[in-house]
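Presented below is the structure to which this report refers.
The values are calculated or read from the model by the stated rules, or taken from the named source; none is laboratory data. What you are looking at is a predicted structure, and each value in this text was computed from that prediction instead of being measured. Don't worry about glycine lacking a Cβ; one is built from the backbone with ideal geometry, like all the others, and counts go over all protein chains shown. Just the protein is used for accessible areas: all its heavy atoms, side chains included, with ligands, DNA and RNA removed. Shrake-Rupley method; radii C 1.70, N 1.55, O 1.52, S 1.80 Å.
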Amino acid sequence: MRAEDLSGADAAVYRAVAEREVSAGAPHLQDIARQAGLSLEATRTAVHRLLHSEPKILHEVPDTSPTDLGPVYELAPRT
């Protein structure tokens, strides 16, 4: 799956991660949902698909900040 082939919630999540990475760094799930205009559950489902796509589109990264909001997500390097 290529980023150019995404649609619906998957495309909205991809755009949200890309936009947040540029402006504020790798976002948490809640930030992605807010940016994409999706529910947490719809965002979680789309993130899961993008984490397990071939080639991988998103990476999950441990959050090193003092908050306990879970992992952050980054776009996978394009090959």
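So here's what we get for this one:
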| item | result |
| --- | --- |
| Filter result for residue 74 (open to solvent by 30 Å² or more (accessible area, probe 1.4 Å), in contact with a strand residue (DSSP E or B) (Cβ under 6 Å, 6 or more places away or on another chain) and either assigned to a loop (DSSP other than H, G, I, E, B) or under 17 Å from residue 20 (Cα atoms) (or both)) | yes |
| Residue within region 40-50 that is assigned to a loop (DSSP other than H, G, I, E, B) and open to solvent by 30 Å² or more (accessible area, probe 1.4 Å) present | no |
| Total residues in region 51-71, condition in a loop (DSSP other than H, G, I, E, B) and surrounded by 12 or more Cβ atoms within 10 Å (Cβ to Cβ) | 7 |
| Breaking point among (1) of a type outside the set (Asp, Glu); (2) buried (at least 19 other Cβ atoms within 10 Å of the Cβ); (3) outside any strand (DSSP E or B); (4) out of contact with any Ser or Thr (no Cβ under 8 Å at 6 or more places or on another chain), for residue 32 | (4) |
| Matching residues, region 30-56, being modelled with pLDDT under 95, out of contact with any strand residue (DSSP E or B) (no Cβ under 7 Å at 6 or more places or on another chain) and hydrophobic (A, V, I, L, M, F, W, C) | none |
| Conditions (1) modelled with pLDDT under 85; (2) open to solvent by 50 Å² or more (accessible area, probe 1.4 Å); (3) among the hydrophobic types (A, V, I, L, M, F, W, C); number of the one not met by residue 3 | (2) |
